[in-house]
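Remarks on the structure that follows.
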Amino acid sequence: ENAYLRHITYEGAKLRYPNITKEIKERIDFELQTIENSAYPGYFLIVADFINQARKMDVSVGPGRGSAAGSVVAYCTRITNVDPIKYDLLFERFLNPERISLPDIDIDFDDEGRSRIIDWVVHKYGFNQVSQIITYGTMAAKSSIRDTARVLDLPLDEAGRIANLVPDMTSLNKLFNYNDNQLKKKINGDQISNAKQLIKLSNGDDLSSRTIRLAKELEGSVRNVGIHACGVIITPEPLLDLIPMTTSKDADLLVTQFDNSVVESAGLLKMDFLGLTNLSIIKDCVKIIKELHGKKI
């Protein structure tokens, strides 16, 4: 795969650069060596493969953004359309030989074509080797109060009143461990009295007090699951042999039971398939201009 990536990079370089100078060759060789040392040539080959397929299928693809735009290899393999040498962009922001971290190429497709590309990837690599990624929604301070109140039959208006006493962006566990000085430092001035009232209320014996204490214990628990907006996992062997999997009514594919960070810790690589409405709008505009004025942009 290293040899094949080198081959397609230099074939692409002939088209991108009319004259491959010593500087360009050194940059390409340095990047290819770093990619080889990181063991990521397969990642580049797969991304280049489905991006070039998208163009064949008339799906709009973004020119590249983020740190990936600093890679000459990505430019030569047509993953990106921004020349890093012309704009003096750094490859090390994307893949650093000193600190090997997972590369992350955000790939933008028009939102209508995104699903067609994912279908093509599933067809090529197999249904059991392509999946979406689960996300876990946890109980925040206010929702844990409202959910606890519902179970304990605390009236809805009282539950709302207690939840509204919680200061913005604060967890109950932190709030109850603050002393007076910390309260003044950490909490917005006009919300301090609400915070003190909530702490005082939690020390009572009635249903409201019990609701607050139980909500504090439940805070941070997983409440629901969802699907990562753009992450897709592609693996060389069936996913069921590698990590726990599940299905979801919201997803057409299999879904990992590990969330985003754990999936990467487990050694799997996440590809970002982003669907942008902007690209669909631009694509439609280009078609309309061609029809009305006969100009191809």
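Relative to the compact globular guide of 2.2 N^0.38 Å, what is the alpha carbon radius of gyration of the stretch 153-269, as a ratio? Mind dumping the intermediate values first?
Details: Rg = 20.8 Å, N = 117, 2.2 N^0.38 = 13.4 Å.
Here the answer is 1.55, to two decimals.
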Using only the Cα atoms of the stretch 70-150, what semi-axes does the equivalent ellipsoid have when each is the square root of 5 times a gyration tensor eigenvalue? Give whole Å, largest first. 37, 23, 14
Tell me the Kirkwood hydrodynamic radius of the stretch 179-246 in angstroms, computed as one over the mean inverse distance between distinct C-alpha pairs. 16.6 Å
Heavy-atom surface of the stretch 167-254, accessible at 1.4 Å and reported per residue (Å²): 63 Å²
Rg and Dmax [Cα atoms of the stretch 206-297; Å; Rg one decimal, Dmax integer]: 22.4, 76
Taking 0.36 nm per intervening residue step and subtracting the Cα-Cα distance, what contour gain separates Met169 from Asn81 on full extension? 27.6 nm
Kindly report the accessible area of the stretch 57-101 per residue (heavy atoms of protein chains, probe 1.4 Å, no ligands, DNA or RNA), in Å². 50 Å²
Excluding Ser261 itself, calculate the net charge of residues whose Cβ lies under 14 Å from the Cβ of Ser261, where each Lys or Arg counts +1 and each Asp or Glu counts -1. -2
Rank Gly204, Gly66, Gly226 by mean-square fluctuation in a GNM of the chain with C-alpha springs under 10 angstrom and give only the top-ranked residue. Gly204
Tell me which lysines have Cα within less than 27 Å of Lys185's Cα, excluding those fewer than 8 residues away on the same chain? Lys142, Lys174, Lys196, Lys200, Lys216
Cut-off of 10 Å, at most 13 other beta carbons, DSSP loop: longest stretch of the chain lacking such trypsin sites (Lys or Arg not before Pro): 100-248
Inverting the mean 1/r over all pairs of different Cα atoms, compute the Kirkwood radius of the chain and quote it in Å. 23.1 Å
The stretch 63-106 versus the stretch 196-269: alpha-carbon centroid distance in Å: 32 Å
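So if each residue of separation counts as 0.36 nm, and I subtract the Cα-Cα distance between Ile297 and Thr21, what length gain in nm does that give? Kindly include the intermediate steps, with their values, before the conclusion.
Details: separation 276, 0.36 × 276 = 99.36 nm, distance 3.11 nm.
Length gained, Ile297 through Thr21: 96.3 nm.
Using a 1.4 Å probe on the protein chains only, how many percent of the accessible area of the stretch 118-242 belongs to carbon and sulfur?
Details: 3580 of 7210 Å².
Solvent-exposed carbon and sulfur of the stretch 118-242 make up 50 percent of the total.
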Computed on alpha carbon atoms, what radius of gyration and Dmax characterise the stretch 31-120, expressed in Å? 13.2, 39
Under 14 Å between alpha carbons, and skipping anything fewer than 8 positions from Lys14 in its own chain: which aspartates and glutamates qualify? Asp83
Cα-Cα separations in the stretch 107-178 greater than 17 Å, expressed as whole percent: 65 percent
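When the convex hull of the Cα atoms of the stretch 60-111 is projected onto a plane and the area is averaged over all directions, what value comes out in nm²? Before the final figure, lay out each step's value.
Values: hull surface 15.0 nm².
Taking a quarter of the hull surface, the average projection is 3.8 nm².
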Can you tell me the orientation of helix 192-202 relative to the chain, as the angle in degrees between its alpha-carbon axis and the longest Cα principal axis, to the nearest 10? 60 degrees
List Cys230, Cys285, ordered by accessible area with a 1.4 Å probe, largest first: Cys285, Cys230
Relative to the chain, whose Cα atoms define the longest principal axis, helix 22-38 and its Cα axis are tilted in degrees, nearest 10, by 50 degrees
Label-point gap, in nm, between Lys184 and His123 - each point 7 angstrom along Cα→Cβ: 6.8 nm
Taking only Cα atoms, what is the 0 to 90° angle, nearest 10, from helix 207-218's long axis to the longest principal axis of the chain? 30 degrees
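The values are calculated or read from the model by the stated rules, or taken from the named source; none is laboratory data. Bear in mind that the values here come from a model prediction, so they are computed numbers and not experimental data. Backbone-built Cβ (ideal geometry, glycine too); neighbour counts: all protein chains shown. All accessible areas refer to the heavy atoms of the entire protein, side chains included, with ligands and DNA or RNA removed. Shrake-Rupley method; radii C 1.70, N 1.55, O 1.52, S 1.80 Å.
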